[in-house]
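First the structure, in the form of structure tokens, and then the observations on it.
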């Protein structure tokens, strides 16, 4: 992804197992068959295989599935940089669907643009992979919030 090559320092040295544990509890990603493929400070890639159950009427990956996986990629990218006591929630996103999501598999990339103590801004890109080719099918701009002290939002 051609976003800034900024190197971020995580506030939590245990960010990696924390992201994996949280992702494992996320039933929506399990339902999609999504998997973590890359987790580094400020960057997360989620992989997803094409499945008929995830398509719209023309056989393309449904926009809702693309949105959900991109939202998770952006959210977990932000989560890698949050304090140990913080959880993450999306407070806003905008998605641009650039081409039909047609492929054998998909890669959803989330990259932090601007981390903050409370608010983080991230960018996502969805790529369809087919016949050895990769095509950009969607972009996302995502705003995320660090949440602390709430019983209903905790690990």
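The values are calculated or read from the model by the stated rules, or taken from the named source; none is laboratory data. Since the structure is predicted, the reported quantities are computational estimates derived from the model, not experimental observations. All Cβ positions, even for glycine, are placed from backbone atoms using ideal geometry, and neighbour counts span all protein chains on display.
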So which residues in the stretch 30-58 are under 27 Å from residue 18 (Cα atoms), over 12 Å from the mean Cα position of the chain (by Cα) and not in a helix (DSSP H, G or I), if there are any at all? 33, 40, 41, 49
If you go through the stretch 59-86, how many residues are within 26 Å of residue 17 (Cβ to Cβ), in contact with a strand residue (DSSP E or B) (Cβ under 8 Å, 6 or more places away or on another chain) and surrounded by fewer than 17 Cβ atoms within 10 Å (Cβ to Cβ)? 1
Qualifying residues in the stretch 94-139 (those that are in a strand (DSSP E or B), within 27 Å of residue 11 (Cβ to Cβ) and without any contact (Cβ under 8 Å) to a residue 40 or more places away in the chain) - the one nearest to the chain's Cα centre (by Cα): 121
Number of the condition not met by residue 149 [criteria: (1) farther than 23 Å from residue 50 by Cα; (2) touching a strand residue (DSSP E or B) at 6+ places or on another chain (Cβ under 8 Å); (3) part of a loop (DSSP other than H, G, I, E, B)]: (2)
Being in contact with a helix residue (DSSP H, G or I) (Cβ under 8 Å, 6 or more places away or on another chain), closer than 24 Å to residue 146 by Cα, crowded, with 16+ Cβ neighbours inside 10 Å and modelled with pLDDT of 95 or more narrows it down to one residue among 28, 43; which is it? 43
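This table checks each residue for (1) within 15 Å of residue 78 (Cβ to Cβ); (2) touching a helix residue (DSSP H, G or I) at 6+ places or on another chain (Cβ under 9 Å); (3) surrounded by 13 or more Cβ atoms within 10 Å (Cβ to Cβ).
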site	(1), (2), (3)
119	yes, no, yes
123	yes, yes, yes
132	no, no, no
140	yes, yes, yes
147	yes, no, yes
Filter the stretch 1-25 down to the residues that are under 22 Å from residue 127 (Cα atoms) and part of a loop (DSSP other than H, G, I, E, B), then identify the one that is modelled with the lowest pLDDT. 1
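Among the residues of the stretch 90-104, write down those that are surrounded by 13 or more Cβ atoms within 10 Å (Cβ to Cβ) and out of contact with any helix residue (DSSP H, G or I) (no Cβ under 7 Å at 6 or more places or on another chain).
Initial filter on the stretch 90-104 (surrounded by 13 or more Cβ atoms within 10 Å (Cβ to Cβ)): 90, 93, 95, 97-98, 100-103.
Result: 98, 100, 102, 103.
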